[in-house]
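Before we start, here is the structure in question, set down as structure tokens.
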Amino acid sequence: MHNFVYERANSADNAMDLGHRDGAAILAGGTELLNWMRIGIESPDLLVDIRDLGHLDRIEEIEGGLRIGALCRLNDVACHPAIKRDFPVLSSAILQSASAQLRNLATIGGNPLQRVRCPYFREETVNACNKRHAGSGCAAYEGHNERMAIFGWTPECVAVQPSDPAVAFAALDAVVIVQSTDGTRRIPMREFHVLPDEDPSAHSVLGRGELITGIEISTPAPHSAYLKVRERQSYEYALVSAAVTLDLDGETIRNARIALGSVAMRPWRLLATEDLLVGKRLGSKDIAEAVDAGFAEARALSGNAYKITLARNAALRAIELASEN
Amino acid sequence: MSHQESSVISEKVTRVDGPSKVRGEARYAGDQKVDGQMHAVPVLATIPAGELESIDAKQALALADGIVVLTARDMPRLHPDLDNITVPPLATRHIPMQDNLILYEGQVVALVLAPSLALATEAAKLVKPIYRTHSYINPEHQVPQSADPARGNYSGSGPLDWTKGTPDAAYASAPHKVKSIYTQPSRHANAMEPSAIVAHWHDGQLTVWDSMQHISSVQITLAAVFGLSIEDVRVIAPHTGGGFGVKAFVWPHEILAAMASKVCGKAVKFVLTRQHMYNMVGYQPQMTQHMALACDEKGQLAAIRQDVENVTSLTDDYVEFGSAAARSFYACDNISISQRVKRGNINLPTFMRAPWDGPGSWALGSALDELAHEAGIDPLDMRIRNHADTEPQTGEPWSSKMLLECYEEGARRFGWRTRPEGGTRDGYWLRGFGMADCSQGQARFQSSAGLTLTAEGTAHVASSFCDMGTGPATIFRQVAAEALGLPLSAVTSDHGQTGLPAAGPTYGQSTTISTGNAVLMAAREIKAKLAAHLQWPVAETVMEDGCIRRNNERLSIKDAMKLMGMQEIASESTFALPGGAYVDMGAPGRPARSFGALFVEVLVDPDLGLVRLRRATGVYSAGRILNPLTARSQITGGIIWGWGMATMEGSHLDPERGRWISRDLAGVPIPVNADIPADLDISFVEEFDHEAGPLGARGIGELAATGVAAAVGNAIFDATGARLHDLPITPDKILGALRLV
Ligand SMILES: Cc1cc2nc3c(=O)[nH]c(=O)nc-3n(C[C@H](O)[C@H](O)[C@H](O)COP(=O)(O)OP(=O)(O)OC[C@H]3O[C@@H](n4cnc5c(N)ncnc54)[C@H](O)[C@@H]3O)c2cc1C
């Protein structure tokens, strides 16, 4: 196998330094990175293990919200009392991710950096995948695309970003805190992933040597819910998912935020729907109309028209579930 | 021995192999280490059709010392003896690396050997084959053809066309009828342990540690490949980590590993990866089943037609006899079946749990439900009305069949007669209730077992059977212990290697009854020998509690043996089949089959297309149950297997590249614990099948996986009014059937 050097960073600066070198890769929980190395998606020369950056594995209260350190394990985030109480959408999204064992190892900072689950991308010998070899095309576009995108795809890439937590974060208007030798960037989760019309070979906006230090969430969202639709009840990626947060005045929606998962290369906010929902009564016909408006831009591939219906119904259901929370 | 007196048999004995597996001590084929062994990693064709023009191995060889790259030129040619081995047990006549032709994606074009797996893996990536491509034939798009007997013996194991009565006329004139097409995708077994072999040539002899389901098949086939005498091939398989059929026959990797060892003069270890398991061994083929059923006003079947098609490779005609269902399940005067194949550039399918009746019961069990609804008859009454009292094909009496008792007991336990109306709401869910027949033909294989009783009052079973984790090593000790009147702890056993009395294979739910009967016969022979020495009539002799007894005369085994001046008594018995057959489907004139009835309640979310299993009741007629614990495990495993078939599993070919997509368990859904209710309700009717063999048992391993998909589909129909004809029944299809898409 491809030989590599393993180093343990002893500070954030050290990690950024090492991470900036050619062929370096940050190693957090390793649940994704090791798979990539096995399949041949990545073959780094240097692994920079950041497990010793102790200050990154806490959840801290900040002005009007929480900062979740990048090295927090998924299960620790999901079970944190303040997150369970104030951000049920996030807790639930995490608990429906992967398996209990993986959640004990996987970090919240590594999670949005997971790559697409497109079977053509994950093949050992790749024929056509722009995310594996830029310019090679997209076998999924005309191949088996039942689980692929309904928003924002191009014939150059039809894959979906599979993270569950990222969808909840997008609905919470979370901000990813990124550090590099150039300083600190604050990137809204909604803009963290790159759509194929911008670059079909890209996954996220994170640059070389940049370190995610944490993710910030602000306004508590007690009326929130995450719905994950999948054939089997556990340990499977979503066919579609929906994260909803509601600000309610009795039965009336003051404000709503809806993000859909596994429908696009990034968590997909239904902004048109959100606008229309303001002032609408729960349980009224207006809700479905508002949700339909958010699907005006949805486009099916040859094999996934059902996902439009499914995602629409999931959004409606998640609104109901959020209002009951 | 009377079954009423059962002691050790019928006890819930845990598996003897359990502790060693839990502790990680059990050594599988791939765990074997031979000094100086080389690791093999294959280079696989990345095109589905074409020719190999050349192979550039320079970079691979330059990677490190000690790397060997074998191509077709380096491999020994197959010995003509192999022509005498039928297909099966040779899985396929097409052995890669004998010429340059590429017939399917994933075909082995070169084999890289290195002293470490890491090195071999890395080197294999550097081998550069150059191809000339031919046009790809997608089997799923081909016109169905008649199977050709020259392309292997698979097609000879059942009728390809068969008609009884006048089904077309009966169909035309019947008042109620349905015609529909049932389809299912190819499915791979995904056994926990991938196939693996360590092959070692030494002094002109071959030893293999192999993951398999039948020792003798591997022995005779490998001997033939090299023109060796059978004694020169030693085969060892102490544990097989699941097989589900794909380890039943001898696949090319086993032959290639043995050839590689011969060429390089060292032991060669070849452990398939999960990805290799998609191309290098078989799978259940994609199938289309055309069904036409008709009945009279009372629900009596007037006609059954089952026309079945399955995909196969270009090299061998594997026929998946789904039409066994139409020939065996229901009483009907007019039945017609056909079997066709669709050939293309893919690797060869094979028997997979549950072959024939698994797919067949899906199509027939669903179509019968359609007909019951069409005729306005309860699906259970429909089945009772059409109960086959005798075997429908021949009219012969069954070896034993207690299906009517299964129906009654199952309906009672499940509450079938008082079930709520289908479509009743429970929150977001619609409740649906369905049932179907479970049924699987019973194979019996000639099998031998040796048994030794010692003066210490211990006994030892010896037979070459494979234990795939299903429990034979446990059950055969139970059989011997009971027959010899010993505690279970006094019985040990040896299995899984050549040199032991030859057992039949571990497939076709045949192991327990075939080898089990041989063990029982060997025990009876020992008892007869003892009785003869003591000059007691055998009929009056009882072995119990470590003693041998006749009326009030009682001797411990120890004393009896001392009296006779013997250290041990050995016997070897063969469960021989009538007419010297190697395999049959029950004694002549008494066809054997296992039966059952499965009732399920499912929940369907009509907005999200989700389906969940709420509860299941299965009651089975499978002869005498030897160990309720391992029997229950087989049944729960079968139901879970069937749930996967019904709701999530499928292997798909990329339409242009002829390549299986998603070849790892992260991308292939199979059921998990969360999908299965904890309290599956499973029971067996009391039965002793005298005709199937002296043990009174029949098989259960395949049985449990039949009927599940039909019961689930029928329950989904009950919940939603939508009939799904295409497996697996996933959210896209449910939404589509409800006309939401
Ligand atoms: C079988 C399986 C099933 C799964 N199912 C789900 C699921 O249902 N839902 C879901 O959401 N996820 C799922 N996952 C994905 C899992 O949640 C991610 O693998 C995990 O969150 C990644 O975190 P990690 O710490 O292990 O990342 P690593 O594997 O260590 O790293 C992943 C990537 O992120 C980079 N990285 C990690 N941390 C940082 C940092 N602080 N700064 C900069 N770069 C960093 C690494 O360099 C690498 O590129 C599944 C994974 C597996 C293997």
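The values are calculated or read from the model by the stated rules, or taken from the named source; none is laboratory data. Source: prediction; values computed, not measured. Because the Cβ atoms are built from the backbone with ideal geometry, glycine has one as well, and the counts that use them run over all protein chains shown. Quick note on the areas: whole protein, heavy atoms, side chains included, nothing else; ligands and nucleic acids left out. Shrake-Rupley method; radii C 1.70, N 1.55, O 1.52, S 1.80 Å.
Is it the case, given these coordinates, that residue B:106 is within 14 Å of chain A (Cβ to nearest Cβ), out of contact with any Lys or Arg (no Cβ under 6 Å at 6 or more places or on another chain), under 30 Å from residue B:469 (Cβ atoms) and not in a strand (DSSP E or B)?
Considered against the rule, which asks whether it is within 14 Å of chain A (Cβ to nearest Cβ), out of contact with any Lys or Arg (no Cβ under 6 Å at 6 or more places or on another chain), under 30 Å from residue B:469 (Cβ atoms) and not in a strand (DSSP E or B), residue B:106 comes out as yes.
Please work out if residue B:86 is of a type outside the set (Lys, Arg), open to solvent by 30 Å² or more (accessible area, probe 1.4 Å) and under 17 Å from residue B:150 (Cα atoms).
It is true that residue B:86 is of a type outside the set (Lys, Arg), open to solvent by 30 Å² or more (accessible area, probe 1.4 Å) and under 17 Å from residue B:150 (Cα atoms).
Taking into account only those residues within the stretch A:239-252 that are open to solvent by 10 Å² or more (accessible area, probe 1.4 Å) and in a loop (DSSP other than H, G, I, E, B), which is nearest to residue A:271 (Cα to Cα)?
Only one residue tops the list, namely A:251.
Which ones in the stretch B:562-596 are open to solvent by less than 70 Å² (accessible area, probe 1.4 Å) and under 20 Å from the mean Cα position of the chain (by Cα)?
B:583, B:584, B:586, B:591, B:592, B:593, B:594, B:595, B:596
Is one or more of the residues making up the stretch A:307-317 free of Cβ contacts under 8 Å to residues at least 40 places away in the same chain, of a type outside the set (A, V, I, L, M, F, W, C) and open to solvent by 30 Å² or more (accessible area, probe 1.4 Å)? Outline the logic, then answer.
Initial filter on the stretch A:307-317 (free of Cβ contacts under 8 Å to residues at least 40 places away in the same chain): A:309, A:312-313, A:316.
In the following step, the residues that additionally are of a type outside the set (A, V, I, L, M, F, W, C) were identified as A:309, A:312-313.
Applying the additional criterion that residues be open to solvent by 30 Å² or more (accessible area, probe 1.4 Å) yields A:312.
Yes - at least one qualifying residue is present in the stretch A:307-317.
Got a sec? Which strands (runs of 3 or more DSSP E) wholly within the stretch B:552-609 have at least 2 residues that are touching a strand residue (DSSP E or B) at 6+ places or on another chain (Cβ under 7 Å) and either of a type in the set (Gly, Ala, Ser) or outside the structural domain of residue B:504 (by TED's automatic domain parsing) (or both)? Even if it seems obvious, please write down each step before you answer.
Working: elements: B:553-556, B:568-575, B:593-605.
The strands (runs of 3 or more DSSP E) meeting that bar are B:568-575, B:593-605.
Condition check ((1) within 14 Å of another protein chain (Cβ to nearest Cβ); (2) hydrophobic (A, V, I, L, M, F, W, C); (3) within 30 Å of residue A:309 (Cα to Cα); (4) touching a helix residue (DSSP H, G or I) at 6+ places or on another chain (Cβ under 9 Å)) across all residues:
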site: B:584; (1), (2), (3), (4): no, no, no, yes
site: B:619; (1), (2), (3), (4): no, yes, no, yes
site: B:622; (1), (2), (3), (4): no, yes, no, yes
site: B:632; (1), (2), (3), (4): no, no, no, no
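Considering the stretch A:22-52 alone, what residues qualify as being more than 9 Å from the ligand (Cβ to nearest atom) and surrounded by fewer than 16 Cβ atoms within 10 Å (Cβ to Cβ)?
Selection gives A:22, A:23, A:38, A:40, A:43, A:45, A:51, A:52.
I'd like to verify a number: residues in the stretch A:268-305 that are part of a helix (DSSP H, G or I) and over 24 Å from residue A:193 (Cβ atoms), how many?
9
Among the candidates B:42, B:19, single out the residue that is part of a strand (DSSP E or B) and either without any contact (Cβ under 8 Å) to a residue 40 or more places away in the chain or closer than 26 Å to residue A:2 by Cβ (or both).
Only one candidate qualifies: B:42.
Same structure again: Among the numbered conditions (1) over 23 Å from residue A:179 (Cα atoms); (2) open to solvent by less than 10 Å² (accessible area, probe 1.4 Å); (3) more than 9 Å from the ligand (Cβ to nearest atom), tell me where residue A:84 comes up short.
(2)
Step by step: first the residues of the stretch A:114-135, then only those that are away from chain B (no Cβ under 13 Å) and away from the ligand (no atom under 16 Å from the Cβ), then the one that is surrounded by the most Cβ atoms within 10 Å (Cβ to Cβ). Which residue is that?
A:130
Here's a check for you: in the stretch B:705-729, which residue that is within 14 Å of chain A (Cβ to nearest Cβ) and buried (at least 24 other Cβ atoms within 10 Å of the Cβ) is farthest from residue B:651 (Cα to Cα)?
Filtering the stretch B:705-729 for residues that are within 14 Å of chain A (Cβ to nearest Cβ) and buried (at least 24 other Cβ atoms within 10 Å of the Cβ), the one farthest from residue B:651 (Cα to Cα) comes out as B:716.
Quick check on residue B:111: is it open to solvent by less than 30 Å² (accessible area, probe 1.4 Å), of a type in the set (A, V, I, L, M) and assigned by TED's automatic domain parsing to the domain that holds residue B:43?
yes
Is it the case that some residue within the stretch B:685-699 is modelled with pLDDT of 95 or more, in contact with a helix residue (DSSP H, G or I) (Cβ under 7 Å, 6 or more places away or on another chain) and at the interface with chain A (Cβ under 9 Å from one of its Cβ atoms)?
Scanning the stretch B:685-699 turns up no residue that is modelled with pLDDT of 95 or more, in contact with a helix residue (DSSP H, G or I) (Cβ under 7 Å, 6 or more places away or on another chain) and at the interface with chain A (Cβ under 9 Å from one of its Cβ atoms).
I would also like to ask the following. Which ones in the stretch B:633-658 are assigned to a strand (DSSP E or B) and either surrounded by fewer than 20 Cβ atoms within 10 Å (Cβ to Cβ) or among the charged types (D, E, K, R) (or both)?
Matches in the stretch B:633-658: B:651, B:652.
If you go through the stretch B:125-132 one residue at a time, do you hit one that is open to solvent by 50 Å² or more (accessible area, probe 1.4 Å), under 30 Å from residue B:351 (Cβ atoms) and not acidic (Asp, Glu)?
The answer is no, given that none of the residues of the stretch B:125-132 is open to solvent by 50 Å² or more (accessible area, probe 1.4 Å), under 30 Å from residue B:351 (Cβ atoms) and not acidic (Asp, Glu).
Does residue B:29 qualify as being more than 22 Å from residue B:246 (Cβ to Cβ), modelled with pLDDT of 95 or more and open to solvent by less than 20 Å² (accessible area, probe 1.4 Å)? Can you show your working first?
Working: more than 22 Å from residue B:246 (Cβ to Cβ): no; modelled with pLDDT of 95 or more: yes; open to solvent by less than 20 Å² (accessible area, probe 1.4 Å): yes.
It is false that residue B:29 is more than 22 Å from residue B:246 (Cβ to Cβ), modelled with pLDDT of 95 or more and open to solvent by less than 20 Å² (accessible area, probe 1.4 Å).
Only residues in the stretch A:154-175 that are more than 14 Å from chain B (Cβ to nearest Cβ) count as the first member; pair them with residues that are among the acidic types (Asp, Glu) and more than 9 Å from the ligand (Cβ to nearest atom), Cβ under 8 angstrom, at least 6 apart or cross-chain, and list the lot.
A:154/A:197; A:174/A:216; A:175/A:216
If I ask for residues that are away from the ligand (no atom under 16 Å from the Cβ), crowded, with 24+ Cβ neighbours inside 10 Å and outside any loop (DSSP other than H, G, I, E, B), which ones from the stretch A:140-191 would you list?
A:140, A:157
What are the pairs, 6+ residues apart or on separate chains, where a residue within the stretch A:208-225 that is within 16 Å of the ligand (Cβ to nearest atom) has its Cβ under 6 Å from a residue that is assigned to a loop (DSSP other than H, G, I, E, B)?
From the stretch A:208-225, the pairs are A:209/A:20; A:212/A:70; A:212/A:109; A:213/A:70; A:214/A:70; A:215/A:174.
Just for the stretch A:101-113: of the residues that are open to solvent by less than 50 Å² (accessible area, probe 1.4 Å) and more than 6 Å from the ligand (Cβ to nearest atom), which one is nearest to the other protein chains (Cβ to nearest Cβ)?
A:103
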